[in-house]
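Undergrad: Before I ask anything, let me first share the structure, which is written out below as C-alpha coordinates.
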Amino acid sequence: MDYPGNLFVVSAPSGAGKSSLVKALLELDSHVQPSVSHTTRAPRGQEKHGREYFFVSEQEFDAMVAANGFVEWANVHGRRYGTSRKAIEERVALGADVVLEIDYQGALQIKQAFVNAVLIFILPPSWEELRSRLERRGEDAADVIDLRLKNAEEEMAQAGKFDFVIINEVFERALFDLKTIVHAQRLKYAAQRRARADTFESLNIP
Ligand SMILES: Nc1ncnc2c1ncn2[C@@H]1O[C@H](COP(=O)(O)OP(=O)(O)OP(=O)(O)O)[C@@H](O)[C@H]1O
Ligand SMILES: Nc1nc2c(ncn2[C@@H]2O[C@H](COP(=O)(O)O)[C@@H](O)[C@H]2O)c(=O)[nH]1
(Lines give C-alpha, C1' and ligand atoms only; values in the text may rest on other atoms or scores of the structure.)
(Ligands and ions follow the chains in the order given, each with its own letter.)
Protein backbone atom coordinates (compact mmCIF):
# COMPACT_ATOMS: atom_id res chain seq x y z
CA MET A 1 0.00 0.00 0.00
CA ASP A 2 1.21 3.55 -0.73
CA TYR A 3 0.93 6.22 1.98
CA PRO A 4 1.82 9.94 1.99
CA GLY A 5 4.34 9.44 4.84
CA ASN A 6 7.66 7.61 4.56
CA LEU A 7 8.88 4.67 6.60
CA PHE A 8 12.57 4.37 7.46
CA VAL A 9 13.80 1.15 9.02
CA VAL A 10 17.15 1.13 10.82
CA SER A 11 18.66 -2.23 11.75
CA ALA A 12 22.03 -3.21 13.16
CA PRO A 13 23.64 -5.76 15.42
CA SER A 14 23.26 -4.84 19.08
CA GLY A 15 25.84 -2.20 20.05
CA ALA A 16 26.54 -0.90 16.52
CA GLY A 17 24.96 2.42 17.51
CA LYS A 18 21.52 2.51 15.86
CA SER A 19 19.68 3.94 18.90
CA SER A 20 22.31 6.68 19.27
CA LEU A 21 22.09 7.55 15.57
CA VAL A 22 18.28 7.52 15.48
CA LYS A 23 18.11 9.66 18.63
CA ALA A 24 20.45 12.22 17.05
CA LEU A 25 18.42 12.16 13.81
CA LEU A 26 15.18 12.81 15.74
CA GLU A 27 16.78 15.80 17.46
CA LEU A 28 17.83 17.27 14.10
CA ASP A 29 14.76 16.48 12.01
CA SER A 30 11.37 17.32 13.46
CA HIS A 31 9.55 15.66 10.53
CA VAL A 32 10.72 12.24 11.67
CA GLN A 33 8.82 10.47 14.44
CA PRO A 34 10.02 7.42 16.38
CA SER A 35 8.11 4.17 16.57
CA VAL A 36 7.84 2.68 20.06
CA SER A 37 7.89 -1.11 19.93
CA HIS A 38 6.39 -3.66 22.28
CA THR A 39 8.75 -6.12 23.93
CA THR A 40 8.67 -8.96 26.43
CA ARG A 41 12.15 -8.09 27.72
CA ALA A 42 12.58 -6.31 31.05
CA PRO A 43 13.38 -2.57 31.14
CA ARG A 44 17.07 -1.76 31.62
CA GLY A 45 18.71 1.30 33.19
CA GLN A 46 16.51 4.40 32.97
CA GLU A 47 14.12 2.95 30.35
CA LYS A 48 10.45 3.93 30.80
CA HIS A 49 7.27 2.16 29.68
CA GLY A 50 5.92 3.98 26.61
CA ARG A 51 9.16 5.86 25.91
CA GLU A 52 11.82 3.33 24.84
CA TYR A 53 9.35 0.42 24.67
CA PHE A 54 5.96 -0.79 25.80
CA PHE A 55 7.12 -3.51 28.19
CA VAL A 56 4.50 -6.26 28.11
CA SER A 57 4.07 -9.78 29.48
CA GLU A 58 4.28 -12.88 27.28
CA GLN A 59 0.47 -13.16 27.55
CA GLU A 60 -0.09 -9.57 26.44
CA PHE A 61 2.27 -10.09 23.51
CA ASP A 62 0.42 -13.31 22.56
CA ALA A 63 -2.88 -11.42 22.61
CA MET A 64 -1.54 -8.75 20.24
CA VAL A 65 -0.20 -11.39 17.85
CA ALA A 66 -3.59 -13.17 17.88
CA ALA A 67 -5.40 -9.88 17.17
CA ASN A 68 -3.06 -9.17 14.19
CA GLY A 69 -1.92 -6.11 16.15
CA PHE A 70 1.67 -6.21 14.88
CA VAL A 71 2.76 -5.16 11.41
CA GLU A 72 5.90 -7.19 12.15
CA TRP A 73 7.31 -9.08 15.10
CA ALA A 74 10.27 -11.33 15.78
CA ASN A 75 12.24 -13.24 18.36
CA VAL A 76 15.47 -11.35 19.00
CA HIS A 77 18.13 -12.46 21.50
CA GLY A 78 15.57 -14.77 23.14
CA ARG A 79 12.87 -12.10 23.64
CA ARG A 80 9.94 -10.99 21.48
CA TYR A 81 9.67 -7.53 19.92
CA GLY A 82 6.93 -6.12 17.68
CA THR A 83 5.73 -2.96 15.93
CA SER A 84 2.11 -1.95 16.45
CA ARG A 85 0.22 -1.97 13.14
CA LYS A 86 -2.22 0.74 14.21
CA ALA A 87 0.46 3.23 15.34
CA ILE A 88 2.40 2.94 12.09
CA GLU A 89 -0.48 2.91 9.61
CA GLU A 90 -2.25 5.85 11.25
CA ARG A 91 0.85 8.01 11.20
CA VAL A 92 2.07 7.33 7.66
CA ALA A 93 -1.52 7.74 6.42
CA LEU A 94 -1.44 11.25 7.94
CA GLY A 95 1.83 12.01 6.11
CA ALA A 96 4.30 11.54 8.96
CA ASP A 97 7.75 10.09 8.39
CA VAL A 98 8.31 7.29 10.88
CA VAL A 99 11.59 5.63 11.82
CA LEU A 100 11.61 2.06 13.10
CA GLU A 101 14.61 0.66 15.00
CA ILE A 102 14.08 -3.03 14.57
CA ASP A 103 16.02 -6.21 13.76
CA TYR A 104 16.56 -7.57 10.25
CA GLN A 105 13.71 -10.11 10.44
CA GLY A 106 11.27 -7.31 11.21
CA ALA A 107 12.83 -5.06 8.56
CA LEU A 108 12.20 -7.67 5.85
CA GLN A 109 8.59 -8.11 7.03
CA ILE A 110 8.10 -4.32 6.83
CA LYS A 111 9.37 -4.29 3.23
CA GLN A 112 6.68 -6.86 2.36
CA ALA A 113 3.94 -4.70 3.87
CA PHE A 114 5.28 -1.29 2.74
CA VAL A 115 7.15 -1.60 -0.56
CA ASN A 116 8.41 1.97 -0.34
CA ALA A 117 9.94 1.52 3.11
CA VAL A 118 13.63 2.40 3.10
CA LEU A 119 15.82 -0.20 4.82
CA ILE A 120 19.08 1.05 6.35
CA PHE A 121 21.65 -1.25 7.96
CA ILE A 122 24.25 0.08 10.40
CA LEU A 123 27.57 -1.77 10.68
CA PRO A 124 30.23 -1.34 13.37
CA PRO A 125 33.79 -0.68 12.13
CA SER A 126 35.08 -3.99 13.60
CA TRP A 127 34.20 -6.92 15.89
CA GLU A 128 36.51 -5.59 18.58
CA GLU A 129 34.78 -2.21 18.54
CA LEU A 130 31.33 -3.87 18.65
CA ARG A 131 32.28 -5.83 21.77
CA SER A 132 33.86 -2.82 23.42
CA ARG A 133 30.79 -0.63 22.72
CA LEU A 134 28.54 -3.23 24.37
CA GLU A 135 30.91 -3.45 27.33
CA ARG A 136 31.33 0.33 27.64
CA ARG A 137 27.55 0.80 27.53
CA GLY A 138 27.53 -1.27 30.71
CA GLU A 139 23.84 -2.21 30.54
CA ASP A 140 24.01 -5.92 29.74
CA ALA A 141 25.44 -8.84 31.71
CA ALA A 142 28.45 -10.67 30.23
CA ASP A 143 26.31 -13.64 29.07
CA VAL A 144 23.86 -11.25 27.34
CA ILE A 145 26.76 -9.51 25.57
CA ASP A 146 28.12 -12.89 24.44
CA LEU A 147 24.70 -13.88 23.03
CA ARG A 148 24.33 -10.53 21.22
CA LEU A 149 27.81 -10.87 19.67
CA LYS A 150 27.06 -14.44 18.60
CA ASN A 151 23.80 -13.29 16.95
CA ALA A 152 25.62 -10.35 15.30
CA GLU A 153 27.26 -12.74 12.84
CA GLU A 154 23.92 -13.88 11.38
CA GLU A 155 22.55 -10.33 11.49
CA MET A 156 25.48 -8.79 9.61
CA ALA A 157 25.12 -11.41 6.87
CA GLN A 158 21.73 -9.77 6.06
CA ALA A 159 23.19 -6.32 5.29
CA GLY A 160 23.09 -6.99 1.52
CA LYS A 161 19.27 -7.20 1.62
CA PHE A 162 19.03 -3.58 2.78
CA ASP A 163 18.74 -0.48 0.57
CA PHE A 164 21.64 1.31 2.30
CA VAL A 165 24.53 0.32 4.55
CA ILE A 166 26.24 2.84 6.86
CA ILE A 167 29.46 2.10 8.74
CA ASN A 168 29.27 3.77 12.14
CA GLU A 169 32.91 4.46 12.84
CA VAL A 170 33.01 8.24 13.30
CA PHE A 171 29.61 9.06 14.79
CA GLU A 172 29.14 12.46 13.09
CA ARG A 173 29.96 11.00 9.67
CA ALA A 174 27.48 8.14 10.11
CA LEU A 175 24.84 10.64 11.24
CA PHE A 176 25.48 12.74 8.15
CA ASP A 177 24.97 9.63 5.97
CA LEU A 178 21.71 8.82 7.76
CA LYS A 179 20.40 12.39 7.38
CA THR A 180 21.33 12.40 3.70
CA ILE A 181 19.47 9.15 3.03
CA VAL A 182 16.35 10.42 4.83
CA HIS A 183 16.33 13.74 2.97
CA ALA A 184 17.07 12.18 -0.42
CA GLN A 185 14.34 9.56 -0.08
CA ARG A 186 11.82 12.12 1.11
CA LEU A 187 12.48 14.27 -1.96
CA LYS A 188 12.41 11.26 -4.26
CA TYR A 189 9.03 9.99 -3.02
CA ALA A 190 7.53 13.48 -3.00
CA ALA A 191 8.56 13.90 -6.65
CA GLN A 192 7.13 10.47 -7.54
CA ARG A 193 3.82 11.26 -5.86
CA ARG A 194 3.60 14.63 -7.64
CA ALA A 195 4.34 13.00 -11.01
CA ARG A 196 1.64 10.38 -10.41
CA ALA A 197 -0.90 13.02 -9.36
CA ASP A 198 -0.09 15.04 -12.53
CA THR A 199 -0.57 11.95 -14.71
CA PHE A 200 -3.94 11.17 -13.11
CA GLU A 201 -5.01 14.80 -13.54
CA SER A 202 -4.02 14.86 -17.21
CA LEU A 203 -6.00 11.64 -17.79
CA ASN A 204 -8.94 13.06 -15.84
CA ILE A 205 -8.80 10.24 -13.32
CA PRO A 206 -10.22 11.45 -9.98
N1 LIG B 1 30.45 6.02 16.42
C2 LIG B 1 30.54 5.64 17.69
N3 LIG B 1 31.74 5.63 18.30
C4 LIG B 1 31.85 5.23 19.60
N5 LIG B 1 30.83 4.81 20.39
C6 LIG B 1 29.61 4.80 19.82
C7 LIG B 1 29.39 5.20 18.47
N8 LIG B 1 28.08 5.08 18.19
C9 LIG B 1 27.49 4.63 19.32
N10 LIG B 1 28.41 4.46 20.30
C11 LIG B 1 28.20 3.95 21.67
O12 LIG B 1 28.06 2.52 21.57
C13 LIG B 1 27.12 2.04 22.53
C14 LIG B 1 26.02 1.24 21.80
O15 LIG B 1 25.23 2.18 21.06
P16 LIG B 1 23.64 2.02 20.96
O17 LIG B 1 23.05 1.75 22.30
O18 LIG B 1 23.17 3.19 20.19
O19 LIG B 1 23.59 0.68 20.07
P20 LIG B 1 22.34 -0.12 19.45
O21 LIG B 1 22.76 -0.57 18.10
O22 LIG B 1 21.12 0.72 19.53
O23 LIG B 1 22.22 -1.35 20.43
P24 LIG B 1 20.89 -2.19 20.88
O25 LIG B 1 20.34 -2.86 19.68
O26 LIG B 1 21.42 -3.16 21.88
O27 LIG B 1 19.92 -1.22 21.52
C28 LIG B 1 26.59 3.25 23.29
O29 LIG B 1 27.30 3.36 24.51
C30 LIG B 1 26.91 4.42 22.35
O31 LIG B 1 27.13 5.62 23.07
N1 LIG C 1 11.68 -7.15 14.81
C2 LIG C 1 11.76 -6.21 15.78
N3 LIG C 1 12.94 -5.98 16.40
C4 LIG C 1 12.98 -5.01 17.32
C5 LIG C 1 11.85 -4.24 17.65
N6 LIG C 1 12.20 -3.35 18.62
C7 LIG C 1 13.51 -3.56 18.84
N8 LIG C 1 13.98 -4.56 18.07
C9 LIG C 1 15.35 -5.08 18.00
O10 LIG C 1 15.65 -5.89 19.11
C11 LIG C 1 17.06 -5.88 19.33
C12 LIG C 1 17.39 -5.72 20.78
O13 LIG C 1 16.94 -4.47 21.26
P14 LIG C 1 17.29 -4.05 22.76
O15 LIG C 1 16.55 -2.75 22.98
O16 LIG C 1 16.81 -5.15 23.64
O17 LIG C 1 18.77 -3.87 22.83
C18 LIG C 1 17.62 -4.75 18.47
O19 LIG C 1 18.20 -5.33 17.30
C20 LIG C 1 16.40 -3.98 18.10
O21 LIG C 1 16.53 -3.30 16.89
C22 LIG C 1 10.63 -4.51 16.98
O23 LIG C 1 9.57 -3.89 17.20
N24 LIG C 1 10.63 -5.50 16.07
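The values are calculated or read from the model by the stated rules, or taken from the named source; none is laboratory data. Predicted, not measured: the structure shown is a model, and the values here were computed from it. Virtual Cβ from ideal backbone geometry, glycine too; neighbours counted across all protein chains shown. These area figures cover heavy atoms from the full protein model, side chains too; ligands, DNA and RNA do not enter into them. Shrake-Rupley method; radii C 1.70, N 1.55, O 1.52, S 1.80 Å.
Undergrad: Can you list the residues, at least 5 places off or on another chain, whose amide H is less than 5 Å from the amide H of Glu101, using H built in the peptide plane?
TA: Val10, Ser35
Undergrad: I've got another one for you. Considering only protein heavy atoms, what per residue accessible area in square angstrom results for the range 6-134 with a 1.4 angstrom probe?
TA: Heavy-atom SASA per residue in the range 6-134 reads 45 Å².
Undergrad: Can you give the relative contact order of the chain as a percent, counting alpha carbon pairs under 8 Å and 6+ residues apart?
TA: Computed value for the chain: 30 percent relative contact order.
Undergrad: Can you send over the carbon and sulfur percentage of the accessible area for the range 1-59, probe radius 1.4 Å, protein chains only?
TA: Roughly 54 percent, rounded to a whole number.
Undergrad: Sort the range 1-147 into rounded, prolate or oblate with this rule: let a ≥ b ≥ c be the square roots of the eigenvalues of the Cα gyration tensor; rounded if a/c is under 1.5, and if a/c is not under 1.5, prolate when a/b is larger than b/c, oblate otherwise.
TA: oblate
Undergrad: Using a probe of 1.4 angstrom, how much of the accessible area of the range 127-190 is carbon and sulfur, in percent?
TA: Summing carbon and sulfur atoms, their accessible area is 55 percent of the total for the range 127-190.
Undergrad: Counting only DSSP beta bridges with both residues in the chain, what percent are antiparallel, rounded to the nearest 5?
TA: Here the antiparallel bridges make up roughly 30 percent for the chain.
Undergrad: What are the ³J(HN,Hα) values, in whole Hz, obtained from phi via the Karplus relation 6.51 cos²θ - 1.76 cosθ + 1.60 with θ = phi - 60°, for each residue of the range 185-193 in sequence order, with x given for Gly and Pro?
TA: Once θ is set to phi - 60°, the couplings for the range 185-193 become 5, 4, 5, 4, 5, 5, 5, 4, 5 Hz.
Undergrad: Relative to the longest principal Cα axis of the chain, at what angle does helix 18-28 sit, 0 to 90 degrees, rounded to 10?
TA: Roughly 50 degrees, rounded to the nearest 10.
Undergrad: Going by average Cβ neighbours within 10 Å, how do the peptides 54-61, 188-195 rank, with the highest at the top?
TA: 54-61, 188-195
Undergrad: Tell me whether the range 5-67 comes out rounded, prolate or oblate; compute the Cα gyration tensor, take square roots of the eigenvalues as a ≥ b ≥ c, and use a/c under 1.5 as the rounded threshold.
TA: Verdict is prolate for the range 5-67.
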